[in-house]
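Written below as structure tokens is the structure these notes are about.
The values are calculated or read from the model by the stated rules, or taken from the named source; none is laboratory data. Nothing here was measured: the structure is a model prediction, and the numbers come from that model. Cβ: placed from backbone, ideal geometry, glycine included. Neighbour counts: every protein chain shown.
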Amino acid sequence: MDACEQLKSLGFTTNEAKSYLALLQCQPATAYEIAKTAGLPTSKIYETVARLVSRAVLLASEDETGTQQYYALNPSDLMQSIRNNIIKDTEQLLPELQKVPTNIQSNLIWPLLNSNQVERRTLEIINQATTSILVSLWPEELDWCEESLVDAEARGVNIALVHFGEPSTKIGATYHHPVQETLYAEKGGRGLTVVVDGAQVVIANFQSNGEIDGAWSKNKSFVTVAEDYVKHDVYITKVTRFLGPEVVKRFGENYDRLRDVFNSEA
């Protein structure tokens, strides 16, 4: 998602986003110069910059010739302003929403249809954690959630992390899953499971062909199954860590006979 699309996701119209980005490149500038740089019709630019000025995103000032010039708010100051406004608006909105009679359905399973949705929801629930996080992931996913996991650990949250591949960072109790290459080949991709406080879960599959599917839920059965999945991976990694040679001797390389759930004699 480029800067224009991200600004739109924060409430800018297309013309407003293009005008702000254009002005960053050529300020100070007249409305006509902004329109030319942004590739917008001049008939639309005056109302667009007027809205941005009213929101303190742009500053209007006359030069020595009396020509109206515009300056863009510094990007870091703009982000801080947007952040503050969102916090203020949500704090004001929540009490009003809580007054509305509603039949809350907390057992639904919500689909996550792309990597942005998976990442956003995962970081949201990690940041909400107060007691525990159980997580199973691959290096690609640890890259974008490591900072939030480290912050959660600093808050006193207990973390058990199963990592497919040799982990370069230790967060909480970190376990290296011993057969990551075999599992990747069998499943055709990577998996992500994050259970927070035993109350909500994100599950996602990242297929080698680029397809992504995932889900978020507070459904108790769904959460329990995911929680048990991560815990059992922890049990296996503990056993293989301390009894490695014996386990290989009994069940074979990559623990093939151990993972053969349809053969109770193995």
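General remarks:
- If you go through segment 48-102 and keep only what is over 18 Å from residue 21 (Cβ atoms), assigned to a helix (DSSP H, G or I) and either of a type in the set (Val, Ile, Thr) or assigned by TED's automatic domain parsing to the domain that holds residue 30 (or both), you end up with 54, 86, 87, 90.
- Residue that is farthest from residue 25 (Cα to Cα), among those in segment 1-15 that are surrounded by 11 or more Cβ atoms within 10 Å (Cβ to Cβ) and among the aliphatic types (A, V, I, L, M): 10
- Pick from segment 16-45, criterion closer than 30 Å to residue 116 by Cα and of a type in the set (D, E, K, R), ranking: surrounded by the most Cβ atoms within 10 Å (Cβ to Cβ): 18
- Residue match in segment 46-63 (condition: in contact (Cβ under 8 Å) with a residue 60 or more places away in the chain, among the hydrophobic types (A, V, I, L, M, F, W, C) and surrounded by 12 or more Cβ atoms within 10 Å (Cβ to Cβ)): no
- Checked against (1) touching a Leu at 6+ places or on another chain (Cβ under 6 Å); (2) β-branched (Val, Ile, Thr); (3) part of a loop (DSSP other than H, G, I, E, B), residue 230 meets all criteria but (3).
- Tallying residues that are among the charged types (D, E, K, R) and in contact with a helix residue (DSSP H, G or I) (Cβ under 8 Å, 6 or more places away or on another chain) within segment 107-135 yields 1.
- Any hit, segment 51-67, residues being on the phi > 0 side of the Ramachandran plot, of a type in the set (A, V, I, L, M) and at pLDDT below 95: yes
- Considering residues of segment 129-146 that are in a loop (DSSP other than H, G, I, E, B) and of a type in the set (A, V, I, L, M, F, W, C) only, the residue surrounded by the most Cβ atoms within 10 Å (Cβ to Cβ): 129
- Boolean, residue 93 is under 28 Å from the mean Cα position of the chain (by Cα) and among the aliphatic types (A, V, I, L, M): yes
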